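**Student:** Got a structure for you, questions after.
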Protein chains: 2
Amino acid sequence: MTNPTAAMLVIGDEILSGRTRDANMHYLASELTKQGIDLCEVRVVGDAPDVIVAAVRALASTYDSVFTSGGIGPTHDDITADCMAAAFERAIDVRADARALLQAHYDATGREMNAARLRMARIPEGAVLIDNPVSVAPGFTIENVHVMAGVPSVFQAMVASVLPTLTGGAPLLSQTLRLMVGEGDIAGPLGQLAQDFDDLSMGSYPFQQDGVYGANIVIRGRDGARVDAAITRLAELFA
Amino acid sequence: MTNPTAAMLVIGDEILSGRTRDANMHYLASELTKQGIDLCEVRVVGDAPDVIVAAVRALASTYDSVFTSGGIGPTHDDITADCMAAAFERAIDVRADARALLQAHYDATGREMNAARLRMARIPEGAVLIDNPVSVAPGFTIENVHVMAGVPSVFQAMVASVLPTLTGGAPLLSQTLRLMVGEGDIAGPLGQLAQDFDDLSMGSYPFQQDGVYGANIVIRGRDGARVDAAITRLAELFA
C-alpha cells in the first residue's frame, strides 16, 4: 500500500525577495514524514492572485492533500482566502463563527474590531475552520487544502490542529551511516546495494571535515528489518 | 521596463523528507534581488525523473532563467544531468573538458578516477560549464537553465560564477518601519497608502514581543525617492 501524498504552497513576496527565510517547509516536511504522509512537492509563489490560484489548483488535483502558508492576516497583501475561494469557485464572506472567535479575543484583550481585523473572518463557503490557539484568527480547510498562517508559531499550531484529522501511512524509517570516504569511492558499492535493496531509498550527502571528504549515507524504507539489513551490509563494505 | 524573471528548482528527496533543511533558496533569493532579477517561483521536487523533467520544462518556458540545485554528484541518486538532457531532448555523455578538470583534481589530490566520479563529467550536448572553485566538478548551463550543486558552499560558488553573465534589472530597494502597533490597526492606513503609491509594494510582517503586538512594514520599489516618500508618510501616520 502506498502512503498518502501531500504538497505545500508557500505564499509571500517576502520569501522570494530574500527578506524572510521560510521556516515552515522544513517543519511540515518533518511532521508529515513522522505521520507517514509523503510530501512530494513544494511551491513558493508571490502575492499574485493568478499565480496562487493556478498553483493551488494544480497541486490540489495532483496530491491527496495540500498545505498552504501565508497571506491570511488583516492587511491588503493578505489575499490567500480570496484566492482559495476563486480556485474552488466558492463565495467568500465574513462568517459568524469566525467573527465571534475574533470578537471574543479582542474584547478580552481590550482591542477594537475594525474593518481590517474583520477581514480575518472572511472564509470561503463550505470551509471548515482550523483552530489557532496562538493568535485566534483561524485557518480553514477547503476541499483537500489546508490554509494556514505564515508566522511560524501559528503555522505550527495549525499543523498540530490538522494532522490528527488526516489518514497517515507507514512512517518512513531511516538509518544513517557516516563514512569518512569520498563520495566517488562510495558511489559504486552504494549503487549496487541500491539495486539489491530496491524496496529502499538510499541517499548520499557529502561533506568536508578538516579537509577530508566524507558522506552521510541515509537508507530509508517502511520495513525496519530491511533498512537494518541494508545498513549492516553497507557498514561491512566499508569496515 | 520590467526586470528579468527567474525561478528556482530544488531537487532532492532529503529536503522533502525533512532530513535536510534547504539553505540555497534564501541565498539565491537575496543574490537575485541585489542584481535586479525577480525570483518569481520556487519548486521543490524529489529524485523522480518524470517530475523533474516536467518541472524544469514548465519553469524554463515561463521565466527568463531557471536555477536548479542538487543531484549532480557521483552517486546513483544523482540524476539531474540526465533529466536536463531529457527535458531539452539533448544527448548526454562524458565530455572531454569536464573529464580533464576532474582528472587534474584527482591527480593533484591523490585520488583515483573511477566510473562513479566519471559520472560527474556527463554533460548534456551544447551545455556551457559552470566553474566550481570549491570541489571542481562543474555545473552547467543548458538553454536558460543553470544546473548547480546542492551543497551550499558549492551552490554559492556556482551562483557567483553565473550571476555576472546575466542581465540584471533595477535592484529592488526597500525600507522597513518597525511599528509597535497591532497589525489590525495598521491595515487600514497601510491599505490606503498602498493605493496612493501603487508603483510600490508594501508588506506587513507581524510579530509579538513581550506580549505586545507589532509589525515590520516593508516598502519596496525601484525608485528610491518614492520608497522614501512612502515610508515617511507611513511614519507620520503612526507618530
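**Student:** Would you mind finding the one in A:160, A:127, A:149 that is of a type in the set (A, V, I, L, M) and surrounded by fewer than 21 Cβ atoms within 10 Å (Cβ to Cβ)?
**Tutor:** Only one candidate passes the filter, namely A:160.
**Student:** If you don't mind, there's one more thing I want to ask. Provide a single number: the residues in segment B:1-26 that are within 22 Å of residue B:81 (Cβ to Cβ) and part of a helix (DSSP H, G or I).
**Tutor:** Number satisfying all stated conditions: 6.
**Student:** Could I ask something else about it? Say we look at segment B:100-124 and pick out the residues that are farther than 17 Å from residue A:185 by Cα and surrounded by 17 or more Cβ atoms within 10 Å (Cβ to Cβ); which of these is farthest from the other protein chains (Cβ to nearest Cβ)?
**Tutor:** B:124
**Student:** So, in segment B:69-85, how many residues would count as being of a type in the set (Val, Ile, Thr) and either within 13 Å of residue A:188 (Cα to Cα) or not in a loop (DSSP other than H, G, I, E, B) (or both)?
**Tutor:** Final tally of qualifying residues: 2.
**Student:** Can you find, within segment B:168-214, the residue that is farthest from the other protein chains (Cβ to nearest Cβ) among those that are among the small types (Gly, Ala, Ser) and loosely packed, with under 14 Cβ neighbours inside 10 Å?
**Tutor:** Ranking the qualifying residues of segment B:168-214, first place goes to B:170.
**Student:** Which of the following residues is without any contact (Cβ under 8 Å) to a residue 24 or more places away in the chain, of a type outside the set (Ser, Thr, Tyr) and more than 18 Å from residue A:154 (Cα to Cα): A:108, A:91, A:60?
**Tutor:** Testing whether each residue is without any contact (Cβ under 8 Å) to a residue 24 or more places away in the chain, of a type outside the set (Ser, Thr, Tyr) and more than 18 Å from residue A:154 (Cα to Cα) leaves just A:108.
**Student:** Yes or no: segment B:68-91 includes at least one residue that is basic (Lys, Arg) and either within 21 Å of residue B:25 (Cβ to Cβ) or crowded, with 17+ Cβ neighbours inside 10 Å (or both).
**Tutor:** no
**Student:** Restricted to segment A:27-48, and to residues that are of a type outside the set (A, V, I, L, M, F, W, C) and assigned to a helix (DSSP H, G or I), which residue is nearest to residue B:24 (Cα to Cα)?
**Tutor:** Here the residue is A:27.
**Student:** Kindly list the number of the only condition in (1) within 11 Å of chain A (Cβ to nearest Cβ); (2) under 15 Å from the mean Cα position of the chain (by Cα) that fails for residue B:36.
**Tutor:** Of (1) within 11 Å of chain A (Cβ to nearest Cβ); (2) under 15 Å from the mean Cα position of the chain (by Cα), only one is false for residue B:36: (1).
**Student:** Have a look at A:90, A:43 and point out the one that is farther than 30 Å from residue A:174 by Cα and either more than 12 Å from chain B (Cβ to nearest Cβ) or at pLDDT 95 or above (or both).
**Tutor:** A:90
**Student:** Further question: Which count do you get for residues in segment B:7-26 that are surrounded by fewer than 19 Cβ atoms within 10 Å (Cβ to Cβ) and more than 8 Å from chain A (Cβ to nearest Cβ)?
**Tutor:** Residues in segment B:7-26 being surrounded by fewer than 19 Cβ atoms within 10 Å (Cβ to Cβ) and more than 8 Å from chain A (Cβ to nearest Cβ): 1 in total.
**Student:** Go through (1) touching a residue at least 24 places away in the same chain (Cβ under 8 Å); (2) within 11 Å of another protein chain (Cβ to nearest Cβ); (3) polar (S, T, N, Q); (4) farther than 30 Å from residue A:176 by Cβ one by one and return the number of the condition residue B:65 breaks.
**Tutor:** (2)
**Student:** Do any helices (runs of 4 or more DSSP H) lying entirely in segment B:86-197 carry at least 1 residues that are of a type in the set (S, T, N, Q), and which ones are they?
**Tutor:** The qualifying helices (runs of 4 or more DSSP H) are B:96-109, B:152-162, B:183-196.
**Student:** Would a scan of segment B:52-62 turn up a residue that is surrounded by fewer than 22 Cβ atoms within 10 Å (Cβ to Cβ), at pLDDT 95 or above and of a type in the set (Ser, Thr, Tyr)?
**Tutor:** The answer is yes, given that some residue of segment B:52-62 is surrounded by fewer than 22 Cβ atoms within 10 Å (Cβ to Cβ), at pLDDT 95 or above and of a type in the set (Ser, Thr, Tyr).
The values are calculated or read from the model by the stated rules, or taken from the named source; none is laboratory data. Everything numeric here is computed off the predicted structure, so don't read it as measured data. Quick reminder, even Gly has a Cβ in these numbers, built from the backbone with ideal geometry, and neighbours come from all protein chains shown.
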